[in-house]
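The values are calculated or read from the model by the stated rules, or taken from the named source; none is laboratory data. Keep in mind it's a predicted model, so treat the numbers as computed, not measured. Cβ placement follows ideal geometry from the backbone for every residue including glycine, while neighbour counts extend to all protein chains displayed.
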Amino acid sequence: MKKLILSAIILICSFSINSASAQGKLLKAKQLHKTKTYSSIEKALSEKENVYILNLDNQNLDTLPQEIEKLVNLQEIYIRSNKLTKFPEVLLKLKNLQVIVLEKNEISELSDGLPELKKLIKLKVSNNRLKSVPRSIGDLSQLEQLYLGWNNIDLLPDEICKLSNLKILSANTNNLKTLPEDIGNLEKLISASFVNNQLTEIPASFGKLVKLEHLGLSNNKLTDLPEEIKNLQDLRSLLLDNNEFVKYPKGMVAFKSLEYLFMEYNKLDTIDADLDMPLLFLLDLNDNRLSSFTGDLSKMVSLKRLDLRSNNFSSIPTAPTTIPKLERLRLSNNKIRKLSGDVTNMPKLERLFINKNLIDYVSESIGNLSSLEMLSLEDNPIKQLPRTIEKCVNLTYISLINTKLTKDQITDLKSIMPEASILY
């Protein structure tokens, strides 16, 4: 009896050892990327024990041979720009796979068996023909990166919210009308992008994504954001351009880490909020309907680029002139009549684009712009420039195309600013 038990134990141990051996050893990232990348299936199969990375990009493949399952050590596979119409089920045999890249194929559906790949960290299936995502994807417990862009997906399953290790989620250019209500459960998410969909709102649970650094929501149908968005204090870039915003969202007043904010091509008519974003570098409000900007911007101590082109300003708004370090201000294509006031008292301003307005008067105080390097005044009915402009000692470029200045005035300007390039 004891011999039978001992024999059984030896058999079980032997099976376990053989299974582990068949599965292959897993290399750490630094060691992995020192190994050879194979680009031939035949060569890989002839040296199968050495194959950890296989790149089959651009090989006109419409299927994978079953023999691929012999590559038991394989950790990364790239099959971009081929002709696959189905997810290669043979990949489910490769239990060490950590990275699968299947971009730019013709795959119409993913396998329900994906959770068999318990070590999968990155899955890239952008630029295919996917219409849905299987619910089983929520069981990929180690998944950190998921790329679903440029497909025809109209719904993300609720189960996607179970991906507790997910750091990057990209679903750009699909047909999404809603997002899962519990998306806030993805607490490790650093980057989320849903650009070019049909979203009309985002869930309030977004406020739980406190590690989020990048949020892309351009080209949707959003009219507002949940106030909980204010909790995203690690956010560094926020893309909200090409939506339907009429009012500036209440939750977007103070972001301590935000560096880039894009809200161009919306329908904003005013901004009256006092904005507190000490690290913001660029604010783009181009092509809205702004006619007033009354909020306090003096706390935007890092803001260097502000774009207010193609709005409805009839005068230069005061708020931007309070930004202490602003270097580039774009006010082109508005209805501004005078270049005067506080804008001429911005010591750090280097580039001022105020072309395509109705400007017929330029104040003598323009000479106060001691850092100004570029000045675009083209397409304005300007009849005279004050001689104080010569005080702008750093000014090297002036565009006066399609103004009402005479040749004599241009000649005089050239004489007092011989180092400047003057277009007329």
- Within region 154-206, can you find the residues that are surrounded by fewer than 22 Cβ atoms within 10 Å (Cβ to Cβ), in contact with a His (Cβ under 8 Å, 6 or more places away or on another chain), small (Gly, Ala, Ser) and without any contact (Cβ under 8 Å) to a residue 40 or more places away in the chain? Ser191
- Checked region 353-381 for anything crowded, with 20+ Cβ neighbours inside 10 Å and aliphatic (A, V, I, L, M); matches are Ile354, Ile359, Val362, Ile366, Leu369, Leu372, Leu375, Leu377
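Closer than 26 Å to Glu350 by Cα, of a type outside the set (Phe, Trp, Tyr), touching a Leu at 6+ places or on another chain (Cβ under 7 Å) and surrounded by 21 or more Cβ atoms within 10 Å (Cβ to Cβ): is that true of Leu275 in this structure?
Against the criterion (closer than 26 Å to Glu350 by Cα, of a type outside the set (Phe, Trp, Tyr), touching a Leu at 6+ places or on another chain (Cβ under 7 Å) and surrounded by 21 or more Cβ atoms within 10 Å (Cβ to Cβ)), Leu275 qualifies.
Being touching a strand residue (DSSP E or B) at 6+ places or on another chain (Cβ under 9 Å) and either in a loop (DSSP other than H, G, I, E, B) or of a type in the set (A, V, I, L, M) (or both): is that true of Asn355 here? Spell out how you get there, then give the answer.
Working: touching a strand residue (DSSP E or B) at 6+ places or on another chain (Cβ under 9 Å): yes; either in a loop (DSSP other than H, G, I, E, B) or of a type in the set (A, V, I, L, M) (or both): yes.
Here the answer is yes, as Asn355 does meet what is asked.
Just checking: which of the helices (runs of 4 or more DSSP H) contained wholly in region 1-84 hold 3 or more residues that are over 21 Å from Leu123 (Cα atoms) and at pLDDT 90 or above? Can you show your working first?
Values: elements: 2-23, 29-32, 41-46.
Because the criterion is at least 3 residues that are over 21 Å from Leu123 (Cα atoms) and at pLDDT 90 or above, the helices (runs of 4 or more DSSP H) in region 1-84 that meet it are 41-46.
Quick check on Ser298: is it in contact with a Ser or Thr (Cβ under 9 Å, 6 or more places away or on another chain), of a type in the set (Gly, Ala, Ser) and surrounded by 16 or more Cβ atoms within 10 Å (Cβ to Cβ)? Explain how you work it out, then say what you get.
Values: in contact with a Ser or Thr (Cβ under 9 Å, 6 or more places away or on another chain): yes; of a type in the set (Gly, Ala, Ser): yes; surrounded by 16 or more Cβ atoms within 10 Å (Cβ to Cβ): no.
Criteria not met by Ser298.
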- If you go through region 85-103 one residue at a time, do you hit one that is in contact (Cβ under 8 Å) with a residue 40 or more places away in the chain and among the charged types (D, E, K, R)? yes
- Query: Can you name the residue in region 207-228 that is of a type in the set (Lys, Arg) and over 20 Å from Asp158 (Cβ atoms) and is also surrounded by the fewest Cβ atoms within 10 Å (Cβ to Cβ) among such residues?
  - Reply: Lys221
- Quick check, is Glu228 among the acidic types (Asp, Glu) and within 20 Å of the chain's Cα centre (by Cα)? no
- Message: Here is a check on your reading of the model: is Gln142 at pLDDT 95 or above, surrounded by fewer than 17 Cβ atoms within 10 Å (Cβ to Cβ) and either closer than 29 Å to Gly24 by Cα or under 21 Å from the mean Cα position of the chain (by Cα) (or both)?
- Response: yes
- When region 48-81 is examined, which residues are found to be in contact (Cβ under 8 Å) with a residue 40 or more places away in the chain and of a type in the set (S, T, N, Q)? Asn73, Gln75
- Note on the structure: With criteria (1) within 21 Å of Val133 (Cα to Cα); (2) assigned to a loop (DSSP other than H, G, I, E, B); (3) aliphatic (A, V, I, L, M), Leu279 comes up short on (1)
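Does any residue of region 103-113 turn out to be assigned to a loop (DSSP other than H, G, I, E, B), within 17 Å of Trp150 (Cβ to Cβ) and among the small types (Gly, Ala, Ser)? Show your work before the answer.
Here is the first cut: in region 103-113, the residues assigned to a loop (DSSP other than H, G, I, E, B) are 103-113.
Add one more test, that the residue is within 17 Å of Trp150 (Cβ to Cβ), and what stays is 103-110.
Subset that is among the small types (Gly, Ala, Ser): 108.
Yes, region 103-113 has at least one match.
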